[in-house]
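The values are calculated or read from the model by the stated rules, or taken from the named source; none is laboratory data. Predicted model only: the values in this text are computed from it and were never measured. A quick note on method: Cβ atoms are made from the backbone with ideal geometry, for glycine too, and the neighbour counts reach across all protein chains shown. Only protein heavy atoms, including side chains, enter the accessible area calculation; ligands, DNA and RNA are left aside. Shrake-Rupley method; radii C 1.70, N 1.55, O 1.52, S 1.80 Å.
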Amino acid sequence: AYAFPAFFDSVTVIKGPQTVLHGPGNSGGVVLFEKDAPRFDRPGASLDGELTFGSSARNDQIIRATAGNGQFYAGADLVRSESDDYKDGDGNAVHSAYQREGARMVAGWTPDADTRLEISSALSQGEAAYAHSMMDATKLDRTNLGVRFEKKNLSTVVKRIELQSYYNHSDHVMDNYLLRTFTPSMMMPNPAAANVDYTLYGGRLLGELAANENLQITVGTSFQLGTHRGRSTSDATANSYKDFPWETDAKINDYGVFLEATQKLSEENRLVAGLRLDYWTAKDERPTISTMMGTSANPTAGQDRDEALKSVFLRYEHDLADLPATAYIGLGYTERAPDYWEMFSYGSTGSISGFHLAKEKPLQLDLGARYQNGPLNLFASVFANHTSDYILVQEGYPVGMGMTRDVTRNVDAWLWGGEIGGGFSFAENWKLEASLACTRGRNSSDGTDLAQIPPLEGKIGLSYATPVWSVGALARFVAAQDRYALNQGSIIGTDLGPTGGFAVFSLHAGWNISEQATLFAGIDNLFDKTYAEHVSRAGSGDPAYAASVRTNEPGRTYWTKLQFRF
């Protein structure tokens with residue numbers, strides 16, 4: 001809802017607990033959305049954008065403008081994205097229409113090549129129909145303000161300092177009547193609406209040091225201060241939720257310090273290590289909790305909790321002497337506090353409140369290698385993870401006297417898997433790429449498979465490109481998944497049963513019309529396959545739309561995109 005890819009120059013995925021620079025509890029990994037700062041040696045300006053049109057009345061417009069000189073720069077990004085309900089491979093409409101708009105503005109001062117002061121702001125709004133839910137997101141508003149200062153080459157030891165602070169505010173409304181025809185049900189006999197907002201203040205101070213020519217150190221501190229509020233009504237008319245007062249239900253804060261270092265042992269060997277300590281606090285401000293039986297007093301009302309969160313990793317990297325390849329082995333341990341939704345959306349096995357859910361404690365071993373030699377590149381990696389107090393969501397957990405409750409609970413879990421792939425360029429203009437990924441999970445506390453584990457998946461792509469034309473094909477093969485845990489999973493979704501395998505094929509082509517314009521076109525799901533992902537949300541059963549057990553993905557989809565730049 002909030003991360004428009006067009007606003008960023010790169011999206012980086014760091015897999016596993018292999019860094020401590022970007023906040024606590026990153027057991028699965030980190031995704032970085034990054035925007036490069038423009039630099040102007042002399043006065044200048046640029047304008048670029050994209051126009052995309054496709055099936056289901058999809059239409060996207062993106063404009064990016066930047067101007068500056070040697071000391072100042074300013075830019076603005078505008079994006080609008082819209083689509084009607086798509087149809088699955090059987091031609092059934094899936095409740096999925098959306099509309100989003102966003103703007104990002106930035107201004108910077110660069111008095112010299114080593115200094116930058118930047119102020120930025122981002123605004124976005126939207127709405128989205130949800131096939132997986134009995135309610136839709138009819139308001140998705142977000143405001144962001146940020147300040148960043150960076151100074152390089154302060155001395156022979158201090159290579160860079162960075163200071164940044166930010167403010168985020170999200171305002172989110174869910175209801176069951178604006179984007180769909182209201183249909184009474186046992187769960188929701190009347191029109192209903194819920195409005196939540198989240199305010200977050202944060203910042204980070206970071207320094208990069210060169211202790212000597214072989215030792216690089218990054219050290220810093222960060223904080224986050226978050227407040228969550230809500231208001232709702234179970235007998236709604238248009239915007240009537242606004243008649244109810246805001247009620248703060250949670251405050252969650254974090255204060256951290258971190259250190260990450262790279263020690264060059266020789267020309268071929270490096271040791272990378274990191275340590276992070278965080279002080280995390282939470283306060284439960286809910287006076288009552290709504291359950292299937294009505295509204296009850298909150299047994300943890302007014303209670304505070306705090307956790308000391310530790311994260312540490314050690315990775316050894318080796319450049320092979322006889323091959324253009326690098327191998328690595330890493331061991332990482334982190335502690336993740338439960339998030340708002342895990343603590344406040346569910347009860348526990350012994351209470352209607354999940355506020356005292358234990359923190360997760362994953363320990364993961366990673367091994368891998370990457371080979372690059374001319375037109376051939378290969379990579380392979382494997383991991384093994386044991387998580388103490390893995391946070392598991394379970395729907396319909398028996399709590400005695402024939403009663404059930406949706407809960408979050410802690411279990412011990414094992415995860416392991418691997419990935420292999422690569423690419424090969426041949427015959428000047430051709431390129432072949434392929435990958436294969438597999439993950440397994442085990443709930444050792446219950447002696448069952450771990451829920452929400454994706455099945456074996458492979459991809460293979462073939463493309464042909466010249467300076468003017470390009471064509472390509474992509475095939476995705478996904479195996480059946482019969483390892484599941486019914487009604488268990490995470491806040492994203494729970495297992496609904498086994499899933500059949502599928503294969504999806506797509507085509508794309510491009511034409512460089514000129515230096516200023518490029519035209520792309522493609523067909524996704526070429527053979528109109530009807531399929532659903534195993535890690536998927538349940539269908540809502542809205543009688544006006546397809547009521548599948550899982551939300552089916554789009555059928556055959558056509559799209560075209562024009563990119564321009566000046």
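Is it the case that region 264-277 has a residue that's under 20 Å from GLN303 (Cα atoms) and part of a strand (DSSP E or B)? Checked region 264-277: no residue is under 20 Å from GLN303 (Cα atoms) and part of a strand (DSSP E or B). A search for C-beta distances below 6 Å between a residue of region 249-267 that is more than 30 Å from TYR346 (Cα to Cα) and any residue that is of a type in the set (Gly, Ala, Ser) and crowded, with 16+ Cβ neighbours inside 10 Å, counting only pairs 6+ apart in sequence or on different chains, returns PHE258/GLY220; GLU260/GLY274; ALA261/ALA273. The single condition from (1) open to solvent by 30 Å² or more (accessible area, probe 1.4 Å); (2) under 30 Å from ASP85 (Cβ atoms); (3) touching a strand residue (DSSP E or B) at 6+ places or on another chain (Cβ under 7 Å) that LEU163 fails is (2). Of the residues making up region 120-131, just one is open to solvent by 60 Å² or more (accessible area, probe 1.4 Å), touching a Gly at 6+ places or on another chain (Cβ under 9 Å) and in contact (Cβ under 8 Å) with a residue 24 or more places away in the chain, namely GLN125. Selection within region 60-92: residues that are within 22 Å of THR560 (Cα to Cα) and of a type in the set (Gly, Ala, Ser). The member of this set that is farthest from the chain's Cα centre (by Cα) is GLY91.
Which of the following residues is without any contact (Cβ under 8 Å) to a residue 12 or more places away in the chain and small (Gly, Ala, Ser): SER290, SER348? None of the others qualify; the one that does is SER290. Among the residues of region 184-205, those that are free of Cβ contacts under 8 Å to residues at least 40 places away in the same chain and of a type in the set (A, V, I, L, M, F, W, C) comprise MET186, VAL196, LEU200.
Of the residues screened, GLY423 is one that is small (Gly, Ala, Ser) and modelled with pLDDT of 95 or more.
Is it fair to say SER56 is on the phi > 0 side of the Ramachandran plot and surrounded by 18 or more Cβ atoms within 10 Å (Cβ to Cβ)? Criteria met by SER56. Scan region 543-566 for residues that are surrounded by 18 or more Cβ atoms within 10 Å (Cβ to Cβ) and at pLDDT below 65 and jot them down. Result: TYR545, ALA546, SER548.
For region 231-259, the candidate set comprises residues that are at pLDDT 95 or above and small (Gly, Ala, Ser); within that set, the residue that is nearest to ALA297 (Cα to Cα) is ALA250. If the condition is being open to solvent by less than 50 Å² (accessible area, probe 1.4 Å) and within 24 Å of ASP141 (Cβ to Cβ), then region 66-81 contributes GLY75, ALA76, ASP77, VAL79, SER81. The single condition from (1) at pLDDT 95 or above; (2) open to solvent by less than 50 Å² (accessible area, probe 1.4 Å) that ASP90 fails is (2). Of all residues in region 296-354, those satisfying the criterion of being open to solvent by 40 Å² or more (accessible area, probe 1.4 Å) and small (Gly, Ala, Ser) are SER296, ALA297, ALA301, GLY302, ALA308, ALA321, SER345, GLY350.
Looking at ASP77, ASP85, ASP48, which one is in contact with a Ser or Thr (Cβ under 8 Å, 6 or more places away or on another chain), over 18 Å from ILE523 (Cβ atoms) and in contact (Cβ under 8 Å) with a residue 60 or more places away in the chain?
ASP85
Residues that are surrounded by fewer than 18 Cβ atoms within 10 Å (Cβ to Cβ) and within 13 Å of ALA137 (Cα to Cα) within region 180-196 comprise ALA194, VAL196, listed in sequence order.
Residues of region 146-159 that are surrounded by 15 or more Cβ atoms within 10 Å (Cβ to Cβ) and of a type outside the set (D, E, K, R): GLY146, PHE149.
The strands (runs of 3 or more DSSP E) located wholly in region 438-542 that include 1 or more residues which are basic (Lys, Arg) and open to solvent by less than 60 Å² (accessible area, probe 1.4 Å) occupy 469-478.
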